Amino acid sequence: MEHSLHNPPTLDELKHLRKKMRRTDIEQKEQLSFLERVAVSIAQRIGSAGFFLVLICITASWLGWNIFAPVPMRFDPYPAFVLWLFIVNIFQLMMMPLLMISQNLNGRHSDARAEADFEINTKAEFEIEVVLQHLENQNTMILQILDRLEHRK
């Protein structure tokens, strides 16, 4: 399928050369292991405003109960809050690796999207060059027609 300026590829030939579009989001989801899916799911929930509000409510309830409840019913009395600090620190230690895993997976997905975008841009550049070849071919033909018309006069 050799083409020149006077014989650029046809639309059907371009369609035949066209590769199927990549769905990087689907590709990435299919490649995730079970643990990676769990990490992404947890990270998505932890990174939400709803989770932040739940933490604020739990903290306020914890502190309120241990400050204002009758003394014998307090389980982590003011001013220590040792149990609360321990639980929060353990929670942070568990969540940091999950968030880092999620960020790494997002980075891999971004790389795949950038690669797919590059493929699309390369394909678009080729198709634009074909359109320009057709336009140049048309210009040449129009100039030839005009030249013939001028010679008839």
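The values are calculated or read from the model by the stated rules, or taken from the named source; none is laboratory data. Quick caveat, the model's predicted, so the values are computed rather than measured. Here the Cβ positions follow ideal geometry from the backbone for every residue, glycine too, while neighbour counts run over all protein chains shown.
Contact map, the range 43-68: first residue more than 19 Å from residue 96 (Cβ to Cβ) and surrounded by 12 or more Cβ atoms within 10 Å (Cβ to Cβ), second residue at pLDDT below 90 and acidic (Asp, Glu), Cβ cut-off under 8 Å, separation 6 or more or different chains; pairs are 62/76; 66/76.
Restricting the first residue to the range 96-108 and requiring it to be within 12 Å of residue 47 (Cα to Cα) and touching a residue at least 24 places away in the same chain (Cβ under 8 Å), which pairs with a second residue that is of a type outside the set (A, V, I, L, M, F, W, C) and assigned to a helix (DSSP H, G or I) meet a Cβ separation below 8 Å and a spacing of at least six or different chains? Qualifying pairs under 8 Å: 102/44.
Going by the structure shown, is residue 53 at pLDDT 90 or above and within 30 Å of residue 10 (Cα to Cα)? So residue 53 fails the test.
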